[in-house]
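The values are calculated or read from the model by the stated rules, or taken from the named source; none is laboratory data. As the structure is a prediction and not an experimental result, all values here were calculated from the model. So basically every Cβ, Gly included, is an ideal-geometry build from the backbone, and we count neighbours across all protein chains shown. Ligands, DNA and RNA are excluded from the accessible area calculation, which covers all protein heavy atoms including side chains. Shrake-Rupley method; radii C 1.70, N 1.55, O 1.52, S 1.80 Å.
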Amino acid sequence: MVKAAAALMRKIWRQISRQIFRQNRTLTLPVPPHPRGQQSGAVLGTFEPPPESQRVLLDELTENILSRLPEDLDCRARGRRVMAKLRDLVGDLPASADHHHSSRFGLLQHSLEVALKMLEEFEKTLLPDAPPDLAVFNTEADPLQTQCLCFLAGLGHDLGKLLDMDVWAGGECWSPLNQTYAEFLRQVKVEPVLEWNEKRVHGGHAQFSPWLMHHLLSPADVRFIGLGRLPELAAALTGTHTPDQSTPLARLVSTLDQQSVEQAAPDWMLKRPDSKVNQFIRALRDLISGGRLRVNSPGAPVYVTCDSAAVVVPRSLSAARGYLKEDKITLPSNHHLYDLLAQAEVVEADENGQCVKRIRVPGKRGPVELYALIFATNTIIPQAILPMLPTFTFEVVPEELTQTSALAHSRKESLAIAVQPLG
């Protein structure tokens, strides 16, 4: 018994030492909250069920997806099997460390949301009064195969994030390439610890997503969509975060991915009230609610058109800094804050993470061009004031027209940072 106790203590000490001295990692807390959030009475080696509200949401997403898959050629049964395999693969792991869908089952929820949106977009091409979208969908291919391809592209677009994290349990590190998360938990039967790789590259996970699709697809699934269309699926997965986004289908996945992120933005921001992103957005919302940042009027620093809101910079940044200074909160430099906003995926950004856009708004003597950050409207505009806002329009100037002015703006921004107090 003494030897067994001593062996157990040595094992515990090795695990502690491994976590303390591991290099280039960002440690999260041992679960809870990530990845399993185990509570008293949970069975080791299994997933603890999600909270009731999240369970209902996951069930609704699953049923909505299944209702859009026809029963012909076993499509609905196939979809059910693939989603079950997805749950085994990702378990209750989050989709991000601190941003969107960062709670338990976040990756599963986000994947289902994007898959459902892909199916909804595909359905639009089948309406009798809607011409087929030749730029996105191959109308010459079998429609059931194309629908399945869209479903799989949405479902698997973020699988590469599993390679951005390390999950340790019992001295073993989970290898997503070799086994599902469910298999790993059954093997170790102890509480896991999640670590996010500190050197992970924003958007780099997309390149690895196809490597993990073998967990979801059976030989029968491959035969159904056609071996010749596997490269199309791989391109849709890898192209969501690459500079060229080489295929129209990849660009569609990327657009719907961002929609899911924006819908989740208020939720994850409230869970991290101390983050610089959340502090900045809270300041904007408070200033807008209090009338200190005017909206949709000539010369205003904020403009709203439908689902997009443009926040003029650096003017609005200065107002937010002054507001937060009253609470002794300091924001990072402008460029650093831009990077954080792009990484948090709450602003529109290009493939290089550049999120400052040039916009054109009506002025008293004609159109006026300004620099701005583009948010989803519900991220920064309180719902209560939306009906009271006057109608206004702004447009984002295409990037090719702004290249000649980018260097000049960068110089102006650098000078503004140099003279601007951080307090």
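Extension gain for Arg365 to Glu60 (0.36 nm times residue separation, less C-alpha to C-alpha distance): 104.6 nm.
Remark: region 100-113, residue by residue, has Karplus-estimated 3J(HN,Hα) of 5, 6, 8, 8, 4, 6, x, 5, 4, 4, 4, 5, 5, 4 Hz, where x stands for each Gly or Pro and the curve is 6.51 cos²θ - 1.76 cosθ + 1.60 at θ = phi - 60°. At full extension, Leu227 and Arg76 could sit 52.3 nm farther apart than now, given 0.36 nm per residue minus the alpha carbon distance. Protein heavy-atom accessible surface, 1.4 Å probe, per residue over region 183-269: 44 Å².
Highest mean packing first, where packing is the average number of other Cβ atoms within 10 Å per residue, the peptides 284-294, 114-124 line up as 114-124, 284-294. Computed from backbone phi with θ = phi - 60° and the Karplus coefficients 6.51, -1.76 and 1.60, the 3J(HN,Hα) list for region 330-345 is 10, 8, x, 4, 4, 5, 5, 5, 4, 4, 4, 5, 5, 5, 6, 6 Hz; x is used for glycine and proline. Approximating the spin labels as points 7 Å out from Cα along Cα→Cβ, the Trp211-to-Glu399 distance works out to 2.6 nm. Extension gain for Ala141-Ser289 works out to 48.1 nm (0.36 nm per residue, less the C-alpha to C-alpha distance). Output the pairs from Lys85/Lys357; Lys325/Lys357; Lys328/Lys364; Lys325/Lys364 with a Cα-Cα distance over 31 Å in this structure; if there are none, say none. Check vs 31 Å cut-off fails for Lys85/Lys357; Lys328/Lys364; Lys325/Lys364.
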